[in-house]
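The values are calculated or read from the model by the stated rules, or taken from the named source; none is laboratory data. Here the structure is a predicted model, which means the values were calculated and not measured. Positions of Cβ are generated from backbone atoms using ideal geometry, with glycine treated the same way; all protein chains shown enter the neighbour counts.
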4 protein chains.
Amino acid sequence: MLRLEGVFPPLATPFKHDELDVDALKRNIRKYNAAGLSGYLVLGSNGEGVYLNEKEKRLVLEAAREVIPEHKVYMAGVGQESTRETKRWVRIAADAGADCALIVTPHFYKGMMTSEALKKHYGAIAESAPIPILVYNVPQFTGINLSPSVIEDLAGHENIVGIKDSSGNIGQLAEIIRRTPSDFAVFVGSAPVFFPALCVGAVGGILAVANVIPETCVSLHNKVKEGKFEEAKRLQYDLIPLARWVTTKRGIGGLKMAMDEMGYEGGAPRQPLRRPVEEREDLEKLLVPFLDERVM
Amino acid sequence: MLRLEGVFPPLATPFKHDELDVDALKRNIRKYNAAGLSGYLVLGSNGEGVYLNEKEKRLVLEAAREVIPEHKVYMAGVGQESTRETKRWVRIAADAGADCALIVTPHFYKGMMTSEALKKHYGAIAESAPIPILVYNVPQFTGINLSPSVIEDLAGHENIVGIKDSSGNIGQLAEIIRRTPSDFAVFVGSAPVFFPALCVGAVGGILAVANVIPETCVSLHNKVKEGKFEEAKRLQYDLIPLARWVTTKRGIGGLKMAMDEMGYEGGAPRQPLRRPVEEREDLEKLLVPFLDERVM
Amino acid sequence: MLRLEGVFPPLATPFKHDELDVDALKRNIRKYNAAGLSGYLVLGSNGEGVYLNEKEKRLVLEAAREVIPEHKVYMAGVGQESTRETKRWVRIAADAGADCALIVTPHFYKGMMTSEALKKHYGAIAESAPIPILVYNVPQFTGINLSPSVIEDLAGHENIVGIKDSSGNIGQLAEIIRRTPSDFAVFVGSAPVFFPALCVGAVGGILAVANVIPETCVSLHNKVKEGKFEEAKRLQYDLIPLARWVTTKRGIGGLKMAMDEMGYEGGAPRQPLRRPVEEREDLEKLLVPFLDERVM
Amino acid sequence: MLRLEGVFPPLATPFKHDELDVDALKRNIRKYNAAGLSGYLVLGSNGEGVYLNEKEKRLVLEAAREVIPEHKVYMAGVGQESTRETKRWVRIAADAGADCALIVTPHFYKGMMTSEALKKHYGAIAESAPIPILVYNVPQFTGINLSPSVIEDLAGHENIVGIKDSSGNIGQLAEIIRRTPSDFAVFVGSAPVFFPALCVGAVGGILAVANVIPETCVSLHNKVKEGKFEEAKRLQYDLIPLARWVTTKRGIGGLKMAMDEMGYEGGAPRQPLRRPVEEREDLEKLLVPFLDERVM
């Protein structure tokens, strides 16, 4: 049984002179292993999955397995545009040892991605998948929003076990929770609303900023579980500015820069993404409240 | 000093054979007076303010004053497209005895409603207004979203004392709270996210569904104040389906139909709005959990 | 019979120290009368109709009638949010002598403005109207787009005689023309696509820039009627930069400033609109190709 | 020198039992060779490029080269999300014999795809490319719209020779033409506005429906070149319903079904796309005006 709850970082993928650097990835994971995280997502949006070729993706899948402890959940982001390729990649992830797969909505042919088409897509993948499937809803990247009613249907499949909703829409998140069984794992994918998401019943968060300040994220989750809402709220407000900076404001380039500052190996993203320039001072101010979380 | 917190219904405006029925409005308010509400908003979006002519609006303003007790807050929705007309209507509302005015963003000339233009608009109104001003952000109707940074600026004016944010965006609501002084009153205007809004620090809600089940709304607010988060969460999930039905799903026609069922006088909205047809059964099911709140 | 074709300026409304200046409006119309225009629209979007109170609108309707010659079409923009008020205003316009009324889509309660609701709204208005009705589709202001299929239905009513489509979407305009009878007058409301609109069969244009350079607009229309497509295309490219400046770029404030430069009385718009500052040089460059059109 | 003008079909990619069928692709091209087309695009949106793996894409590139005559333009759609992978694929396309490459805007990380990022992306690709580059703007799929000002900048690079704009926005198309040199080839990518695009100066069209009725598309283009605007307009109106059906209404599944009807080999698309069911009658009606164009 997968313990699907708590905080997961969608791991950034380090490059060295634009070449994949799996050793840096492994060093990062080893450091994160001490932080109380429930598991890891590799090859997600924050992992620049769409910038990696087939060989690189296989290397990432294998490297992560080597260093992720058995008691933590290993999630792999392997959704592709076609049902066929997605099935193939779920098998590859399973063969590499992933515990479950996170499948983004196909989106290029937006106008044709009807509820019916999406249900068939996820149904066919879940049917053939040797590991459980989680659905990934991220309208700001895909231009497609999975409606709570579609998700309710998908949750009826025994091999579809949860969702990461990065819409940031708490009303929708609550509606998903209301419509799905209590063992369907609803993760929020947006750190600025992590606390309200937990308030309405999300099981945890898959949060970019957990690449930077994993302990604070874990602590916020624990406070809510312990009923310490005021303390959780305070942590939420503390992390909002940083969480925004490493996502909507500066994106993966900013995320990697912040990782470097906190003792992880971020480096530069691949183009057309880029590292922010001349903004180290801004970032350093944002990191002040979290400096004791810095690793060596 | 205005006690800006708690639950406010944005009062529906009753019509009889399409003519304004201020007596029905007064009877409704008298019934609501027993429900623990903090105050009332008249002439808001749910009050079909845009369907009333000048004379009718004055009648509503006067009628409400007759029956709203002094210890409750009387808020008037009198924003117009031009700065000039809005100033005039704020004075009319003040003369009629309103305690404060809620001013929707002007929006017809969307492309020109820059941050600068909006700041000047609200600044000029606040300057001339004999009563305090609250800002009303409702992008689903106006197509304009006031950014937290603009709101931060407006909150610096001593006569701009709060905001009703109906975007439903809890991340944005939290950002507004984070950027404004603690005495700037942030109300949420969307009942399906009332509980998470209170969790992140909203002072209350101006909620269409409070026209139908005022006591449940008040109770939810009280539970949060008492630290009873689990109970508040349960109330939130109970009211989501009804709250959606009377707003995004069926609109004011549905809201008024639900009011009729609960013992208030709703009736039909003015055209092009209409009352839902052949949906009484759906509505009755949605009201089952709240029947003991019915008034005579 | 109304001759619905050719170029109409949606007349700007002059103010003097923020007060309505109908004398300036009349002086402007008298100057325009020499320019070959087919008619005039008053109280449209460019006329700041939403900034005028009831009394001011009546004054504009009466003043325009005094100076618009009988052989030109006098169109009044009198659509309101409610069916009831719109009916009333169509009668007022008719009583003031307008030849036809342009009715913008009601839009405040966007989510409820279904095809059915809009058809009933326009149907009821057309039924009661003593003068013919034209539909006004302007999604950039209203957030609502009338679909070609709804327009096809409306065109079946004998008292709905045409449309002004300001979407700028030529594919949609062609679809409207394809689906409506040949005597249904399809006007384009966006000058940067005036020429391609005429190519696909629009009967004319109701164009903000025709407040500034009426003769060039009329000339473009005539060239297409004479089959001189290359010359018409050249005029189109000449006027694009100015047309954009007085609409999407600088709005009514820019439009009025350009009117002043060309010998008409523009002045300042009402707030929250404003006149562009420190941009006279830009504007003067844009006007260079049209200086011989300047009036005294 | 590339002759960049006229009609190009963005070739559909045939599958047989879900496996790539390059023989069918070659048979299709041989049939199209008789139709007066100026060239072909392979691996575009309509070619299900995003559903093909690396090996399949190479096979398509090679197969097309075998049957595309030297005097027609061979264009390859090989844009990827990263600058690095796009550069690699342009080289692969060039090695396979393509004459030029069409590069879609990278779009997954929408928020970070600033004008600056996009200019660097295209600049780096053009710099390293052994063949000329065309830019591909298709906001309905990518959620990103290249502004005319960015395109103006890109047109300054000697190895960026044109654009396919599928926005359907004729105003924008005209603005692109106005801002770029006369030898920068502006193609329209939306058949329902092919005629107005040619009126404002587009050099041709890359049109899905040219997979179905290539001769009608070529004929429309020729009529405009000959100054026969009325005849061209008639052809435009004839093809609108079919063009909409094979794109926005039914997508690639519909396009392939229509190809089958007209004597080409369409078949089924890969999932999650699908072939429309029970709609053959609708389609047959749409094809009636074009039956003499059917091939054997």
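Observations, loosely collected:
- Scanning region B:1-42 for residues that are within 19 Å of B:Gly189 (Cα to Cα), of a type in the set (Phe, Trp, Tyr) and in contact (Cβ under 8 Å) with a residue 60 or more places away in the chain gives B:Phe8, B:Tyr32.
Quick grid of which residues meet (1) over 24 Å from D:Ile144 (Cβ atoms); (2) of a type in the set (Gly, Ala, Ser); (3) touching a residue at least 60 places away in the same chain (Cβ under 8 Å):
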| position | (1), (2), (3) |
| --- | --- |
| A:Arg84 | yes, no, no |
| A:Ala96 | yes, yes, no |
| A:Met113 | no, no, no |
| A:Ser128 | yes, yes, no |
| A:Ile131 | yes, no, no |
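- Checked against (1) polar (S, T, N, Q); (2) in a loop (DSSP other than H, G, I, E, B); (3) more than 11 Å from chain B (Cβ to nearest Cβ); (4) within 21 Å of A:Pro9 (Cα to Cα), A:Gln140 meets all criteria but (2).
- Any hit, region B:67-78, residues being within 14 Å of chain C (Cβ to nearest Cβ), closer than 19 Å to B:Leu2 by Cβ, not in a loop (DSSP other than H, G, I, E, B) and not aliphatic (A, V, I, L, M): yes
- Hits in region C:58-75 (condition: of a type outside the set (Phe, Trp, Tyr) and within 16 Å of the chain's Cα centre (by Cα)): C:Val60, C:Leu61, C:Ala64, C:Ile68, C:Lys72, C:Val73, C:Met75
- Scan of region C:195-221 for residues that are closer than 20 Å to D:Gly201 by Cα, in contact with a strand residue (DSSP E or B) (Cβ under 6 Å, 6 or more places away or on another chain) and not in a helix (DSSP H, G or I), ordered by number: C:Ala202
- Residues that are at pLDDT 95 or above, surrounded by 19 or more Cβ atoms within 10 Å (Cβ to Cβ), assigned to a strand (DSSP E or B) and out of contact with any Lys or Arg (no Cβ under 9 Å at 6 or more places or on another chain) do occur in region C:84-102, at least one of them.
- Yes/no for B:Lys26 being surrounded by fewer than 22 Cβ atoms within 10 Å (Cβ to Cβ) and under 11 Å from B:Asn211 (Cα atoms): no
- Of all the numbered requirements in (1) more than 25 Å from D:Pro192 (Cα to Cα); (2) within 14 Å of chain A (Cβ to nearest Cβ), D:Asp23 misses one, and that requirement is (2).
- Residue satisfying all of: in region C:181-190; away from every other protein chain (no Cβ under 13 Å) and in a loop (DSSP other than H, G, I, E, B); farthest from C:Pro148 (Cα to Cα) among these: C:Asp183
- Residue list for region B:45-71, filter: surrounded by fewer than 22 Cβ atoms within 10 Å (Cβ to Cβ) and touching a Phe, Trp or Tyr at 6+ places or on another chain (Cβ under 7 Å): B:Val50, B:Arg65
- Residues of region C:107-128 that are facing chain B (nearest Cβ under 10 Å), part of a helix (DSSP H, G or I) and not hydrophobic (A, V, I, L, M, F, W, C): C:Lys110, C:Gly111, C:Glu116, C:Lys119, C:Lys120, C:His121, C:Tyr122.
- Total residues in region D:143-175, condition within 14 Å of chain C (Cβ to nearest Cβ), part of a loop (DSSP other than H, G, I, E, B) and surrounded by fewer than 18 Cβ atoms within 10 Å (Cβ to Cβ): 2
- Residue count for region C:43-61 under the criterion of being over 13 Å from B:Glu81 (Cβ atoms), in contact with a helix residue (DSSP H, G or I) (Cβ under 7 Å, 6 or more places away or on another chain) and touching a residue at least 60 places away in the same chain (Cβ under 8 Å): the result is 1.
- Hey, D:Leu25 within 21 Å of A:Gln80 (Cβ to Cβ), assigned to a helix (DSSP H, G or I) and of a type in the set (A, V, I, L, M, F, W, C) or not: no
- Meets criteria (more than 22 Å from B:Ile252 (Cα to Cα) and within 19 Å of the chain's Cα centre (by Cα)) for B:Ala94: yes
- Looking only at region B:197-228, and only at residues there that are crowded, with 18+ Cβ neighbours inside 10 Å and farther than 23 Å from B:Met75 by Cβ, the one that is farthest from the other protein chains (Cβ to nearest Cβ): B:Lys223
- Every pair of residues 6+ apart whose Cβ atoms lie under 6 Å, when the first sits in region A:139-150 and is within 14 Å of A:Gly171 (Cβ to Cβ) while the second is modelled with pLDDT of 95 or more and among the β-branched types (Val, Ile, Thr): A:Pro148/A:Ile176
- Of all the listed residues (C:Arg294, C:Arg250, C:Arg270), the sole one being of a type in the set (D, E, K, R), over 30 Å from D:Phe194 (Cβ atoms) and surrounded by fewer than 20 Cβ atoms within 10 Å (Cβ to Cβ) is C:Arg294.
- Test: C:Leu2 is over 25 Å from B:Glu54 (Cα atoms), assigned to a loop (DSSP other than H, G, I, E, B), under 18 Å from the mean Cα position of the chain (by Cα) and modelled with pLDDT under 95: yes
- A:Arg178, sole failed condition from (1) in contact with a Ser or Thr (Cβ under 6 Å, 6 or more places away or on another chain); (2) in a helix (DSSP H, G or I): (1)
- Residues that are within 18 Å of A:Ala243 (Cβ to Cβ), charged (D, E, K, R) and touching a Gly at 6+ places or on another chain (Cβ under 8 Å) within region A:255-274 comprise A:Lys256, A:Asp260, listed in sequence order.
- Any hit, region B:231-239, residues being of a type in the set (Asp, Glu), touching a Lys or Arg at 6+ places or on another chain (Cβ under 7 Å) and without any contact (Cβ under 8 Å) to a residue 60 or more places away in the chain: yes
- Figure legend. Inter-residue proximity from region D:280-296: first residues basic (Lys, Arg), second residues not in a helix (DSSP H, G or I), beta-carbon distance below 7 Å, spacing 6+ or different chains. Indicated pairs: D:Arg294/D:Met262; D:Arg294/D:Gly263.
- Take the conditions (1) in contact with a Cys (Cβ under 8 Å, 6 or more places away or on another chain); (2) not in a loop (DSSP other than H, G, I, E, B); A:Ile131 misses just one of them, which is (2).
- Among the residues listed as B:Ser182, B:Ser219, the single one being closer than 29 Å to B:Pro14 by Cα and among the hydroxyl-bearing types (Ser, Thr, Tyr): B:Ser219
- Pairing each residue of region D:240-260 that is away from chain A (no Cβ under 13 Å) with any residue that is surrounded by fewer than 24 Cβ atoms within 10 Å (Cβ to Cβ) and of a type in the set (D, E, K, R), provided the two are 6+ apart or on different chains, yields C-beta distances under 8 Å for D:Ile240/C:Glu175; D:Ile240/C:Arg178; D:Met257/D:Arg250; D:Met257/D:Arg275; D:Met257/D:Glu279; D:Met257/D:Arg280; D:Met259/D:Glu265.
- Residues in region A:227-266 that are under 19 Å from the mean Cα position of the chain (by Cα) and part of a loop (DSSP other than H, G, I, E, B): A:Arg250, A:Tyr264, A:Glu265, A:Gly266.
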